[in-house]
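The values are calculated or read from the model by the stated rules, or taken from the named source; none is laboratory data. Everything numeric in this text was worked out from a predicted model, so none of it was measured. With ideal geometry, Cβ positions are generated from the backbone for all residues, glycine too; neighbour counts draw on all protein chains shown.
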């Protein structure tokens, strides 16, 4: 059995320099229609770490991902992504930064007028000076990562919800971004498909060491991610050996009423005395 | 319906004008920035131009024919039926060709753009495009604006010609006018000012159709109902703007060219 990955960077990182983190939120607030959604939240995502974000519907989980990408602007506070302050950047500058970030949207957000091949190749082709023949190989590789090579010529409308979600992952990872943002990647899917997608996310975390934020309602998915690692030999997710629980770069963040009420690892979550958190995880 | 204060209403309208102005200016400004999406421009030109051919042919022919039919009656009373070619020619080239083609293309394409972009907004495809590092203004808006301006220009010329042809059919077969006389008088009456006015208008109308259609699409809110609302608003706003612009431009050019 291959050795499980160890969250080396996660707990040793001491510096306050935003450049040494994948994402830093500093006192970020945002309101929609004068209703506060996020109220001065601060957290850090270490490089190579995957952090699961929980909260009730409308608590601002997806907004955190859109803020990190610069798709929406906060009312106050600073957001640093790979050391760059996205709150101070113009839209034109953000396009360059977004090339280093992949996002999987809640409803996949595949371009419905394009085939799977064109969807997955979209970013590679947009980066310019690349011919369609040149992207065929990375498209195939990306689709093979999500085990959907046979769908290249299909349109998104011909795919099931789970397949669309996997194509969205393939599209997000084709250029090997430094950060991945997953918005409810398993929402509304059956348990078998959900496990497949969680396995892909764990694979991305453990094989490519990609930093990631994952919004989810499914606590069991995050627990699986915290207690499993990706075994390259068997090409499957495996449970961590006894005594190594929490030794994967996996964090938990819980939102309530626009504030972060928990930010820690699976051990700290399990030991939390907060009544709301106890109820949430029970 | 929710009631809002007059100041809030005014603020919303000013913001809408501001957002529209930004979109309109960026759609032109993007022509001078990379990347330029020529493939998308050709695709849109095909959808807008070739796709609009049937309605432009039909309306151009029928408007010219109706213009001839209606004016022939009056002209006959004054014994001036020979002027029918001139009347149809000036009417079509200066006014009816551009405005009818503009309104037809607005009905067909402003709605199409608003619904397509609106659907992309509500299904997060526009956000996905931005997330993938592509500027939707460059990729989606600019090609539509350029293609509409370009294609409406030629569609209007086609509509003018078909209008004259429709008028010729009525004048010849119903009123027994000489075919050659109709065309030669219709041709001779046209001066540079008429043609200039007739060809400037489609450029302005094309810009209005595409920018208004894209604006309503890109600002669609509230799911499928919002997309439907955006589509309707796009057609109404672009049609009204075309009519107002036509009036202003006609008066302005008439003053400049000192028409009597």
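Going by the structure shown, is residue B:185 out of contact with any strand residue (DSSP E or B) (no Cβ under 7 Å at 6 or more places or on another chain), over 30 Å from residue B:19 (Cα atoms), assigned to a helix (DSSP H, G or I) and without any contact (Cβ under 8 Å) to a residue 24 or more places away in the chain?
Working: out of contact with any strand residue (DSSP E or B) (no Cβ under 7 Å at 6 or more places or on another chain): yes; over 30 Å from residue B:19 (Cα atoms): yes; assigned to a helix (DSSP H, G or I): yes; without any contact (Cβ under 8 Å) to a residue 24 or more places away in the chain: no.
Here the answer is no, as residue B:185 does not meet what is asked.
Here are A:279, A:199: which of them is farther than 23 Å from residue A:68 by Cα, in a helix (DSSP H, G or I) and modelled with pLDDT under 85?
Details: A:199 fails: modelled with pLDDT under 85.
The match here is A:279.
Would segment A:40-63 turn up any residue that is within 25 Å of residue A:109 (Cα to Cα), outside any strand (DSSP E or B) and within 14 Å of another protein chain (Cβ to nearest Cβ)?
Checking segment A:40-63: at least one residue is within 25 Å of residue A:109 (Cα to Cα), outside any strand (DSSP E or B) and within 14 Å of another protein chain (Cβ to nearest Cβ).
Working only within segment A:95-111, note down all residues that are at the interface with another protein chain (Cβ under 9 Å from one of its Cβ atoms), closer than 24 Å to residue B:119 by Cα and not in a loop (DSSP other than H, G, I, E, B).
Scanning segment A:95-111 gives A:95, A:98, A:102, A:103, A:105, A:108.
Starting from residues that are loosely packed, with under 15 Cβ neighbours inside 10 Å and under 17 Å from residue A:188 (Cα atoms), keep the ones in segment A:158-174 and report whichever is modelled with the highest pLDDT.
Filtering segment A:158-174 down to residues loosely packed, with under 15 Cβ neighbours inside 10 Å leaves A:158, A:160-161.
Still in the running and under 17 Å from residue A:188 (Cα atoms): A:160-161.
Details: A:160: 91, A:161: 88.
So, considering only residues that are loosely packed, with under 15 Cβ neighbours inside 10 Å and under 17 Å from residue A:188 (Cα atoms), the one modelled with the highest pLDDT is A:160.
Among the numbered criteria (1) more than 14 Å from chain A (Cβ to nearest Cβ); (2) in a helix (DSSP H, G or I); (3) farther than 17 Å from residue B:201 by Cα, which one does residue B:161 miss?
(3)
Suppose the filter is within 14 Å of another protein chain (Cβ to nearest Cβ) and out of contact with any strand residue (DSSP E or B) (no Cβ under 8 Å at 6 or more places or on another chain); does residue B:138 pass it? Let's see the steps before the verdict.
Numbers: within 14 Å of another protein chain (Cβ to nearest Cβ): yes; out of contact with any strand residue (DSSP E or B) (no Cβ under 8 Å at 6 or more places or on another chain): yes.
Against the criterion (within 14 Å of another protein chain (Cβ to nearest Cβ) and out of contact with any strand residue (DSSP E or B) (no Cβ under 8 Å at 6 or more places or on another chain)), residue B:138 qualifies.
Can you find a residue in segment A:151-174 that is under 20 Å from the mean Cα position of the chain (by Cα) and part of a loop (DSSP other than H, G, I, E, B)? Outline the logic, then answer.
Going residue by residue through segment A:151-174, those that are under 20 Å from the mean Cα position of the chain (by Cα) are A:161-174.
Right, trim to part of a loop (DSSP other than H, G, I, E, B) and you get A:174.
Within segment A:151-174, one or more residues are under 20 Å from the mean Cα position of the chain (by Cα) and part of a loop (DSSP other than H, G, I, E, B).
Has segment A:86-94 got at least one residue that is more than 14 Å from every other protein chain (Cβ to nearest Cβ), outside any loop (DSSP other than H, G, I, E, B), under 30 Å from residue A:27 (Cα atoms) and without any contact (Cβ under 8 Å) to a residue 12 or more places away in the chain?
Of segment A:86-94, the ones more than 14 Å from every other protein chain (Cβ to nearest Cβ) are A:87-88.
Next cut, outside any loop (DSSP other than H, G, I, E, B) only: A:87-88.
If we keep only those that are under 30 Å from residue A:27 (Cα atoms) as well, we get A:87-88.
Next, from what is left, pick out any that are without any contact (Cβ under 8 Å) to a residue 12 or more places away in the chain: A:88.
There is at least one residue in segment A:86-94 that is more than 14 Å from every other protein chain (Cβ to nearest Cβ), outside any loop (DSSP other than H, G, I, E, B), under 30 Å from residue A:27 (Cα atoms) and without any contact (Cβ under 8 Å) to a residue 12 or more places away in the chain.
Working only within segment A:72-85, note down all residues that are more than 11 Å from chain B (Cβ to nearest Cβ) and either in contact with a helix residue (DSSP H, G or I) (Cβ under 6 Å, 6 or more places away or on another chain) or at negative phi (or both).
In the first step, residues of segment A:72-85 are kept if they are more than 11 Å from chain B (Cβ to nearest Cβ); the result is A:73-85.
Answer for segment A:72-85, where residues must be more than 11 Å from chain B (Cβ to nearest Cβ) and either in contact with a helix residue (DSSP H, G or I) (Cβ under 6 Å, 6 or more places away or on another chain) or at negative phi (or both): A:73, A:74, A:75, A:76, A:78, A:79, A:80, A:81, A:83, A:84, A:85.
Scanning segment A:213-232 for residues that are out of contact with any helix residue (DSSP H, G or I) (no Cβ under 7 Å at 6 or more places or on another chain) and in contact (Cβ under 8 Å) with a residue 60 or more places away in the chain, which turns out farthest from residue A:64 (Cα to Cα)?
Only one residue tops the list, namely A:231.
So that you can scan it fast, the table gives a plain yes or no per residue for (1) more than 14 Å from the chain's Cα centre (by Cα); (2) within 14 Å of chain A (Cβ to nearest Cβ):
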{"site": "B:87", "(1), (2)": "yes, no"}
{"site": "B:91", "(1), (2)": "yes, no"}
{"site": "B:97", "(1), (2)": "no, no"}
{"site": "B:111", "(1), (2)": "no, no"}
{"site": "B:116", "(1), (2)": "yes, yes"}
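Is it the case, given these coordinates, that residue A:183 is over 15 Å from the mean Cα position of the chain (by Cα) and within 11 Å of chain B (Cβ to nearest Cβ)?
Numbers: over 15 Å from the mean Cα position of the chain (by Cα): no; within 11 Å of chain B (Cβ to nearest Cβ): yes.
When the stated conditions are applied, residue A:183 does not pass them.
Looking at B:2, B:15, B:8 in this structure, which one is exposed (fewer than 12 other Cβ atoms within 10 Å of the Cβ), in a helix (DSSP H, G or I) and modelled with pLDDT under 90?
Numbers: B:2 fails: in a helix (DSSP H, G or I); B:15 fails: modelled with pLDDT under 90.
Among B:2, B:15, B:8, only B:8 is exposed (fewer than 12 other Cβ atoms within 10 Å of the Cβ), in a helix (DSSP H, G or I) and modelled with pLDDT under 90.
Considering only residues of segment A:112-130 that are closer than 22 Å to residue A:201 by Cα and either in a loop (DSSP other than H, G, I, E, B) or at the interface with chain B (Cβ under 8 Å from one of its Cβ atoms) (or both), which is modelled with the lowest pLDDT?
Of the residues in segment A:112-130, the ones closer than 22 Å to residue A:201 by Cα are A:116-117, A:119-124.
Imposing the further condition that a residue be either in a loop (DSSP other than H, G, I, E, B) or at the interface with chain B (Cβ under 8 Å from one of its Cβ atoms) (or both) reduces the set to A:122-123.
Working: A:122: 92, A:123: 87.
Once the filter is applied, the top-ranked residue is A:123.
When you check residue B:130 against the structure, is it within 14 Å of chain A (Cβ to nearest Cβ) and out of contact with any strand residue (DSSP E or B) (no Cβ under 7 Å at 6 or more places or on another chain), yes or no? Walk me through it before giving the result.
Details: within 14 Å of chain A (Cβ to nearest Cβ): yes; out of contact with any strand residue (DSSP E or B) (no Cβ under 7 Å at 6 or more places or on another chain): yes.
Criteria met by residue B:130.
Looking at residue B:88, is it farther than 21 Å from residue B:206 by Cβ and either assigned to a helix (DSSP H, G or I) or touching a strand residue (DSSP E or B) at 6+ places or on another chain (Cβ under 8 Å) (or both)? Can you show your working first?
On the way: farther than 21 Å from residue B:206 by Cβ: yes; either assigned to a helix (DSSP H, G or I) or touching a strand residue (DSSP E or B) at 6+ places or on another chain (Cβ under 8 Å) (or both): yes.
Judged against the criteria, residue B:88 is a match.
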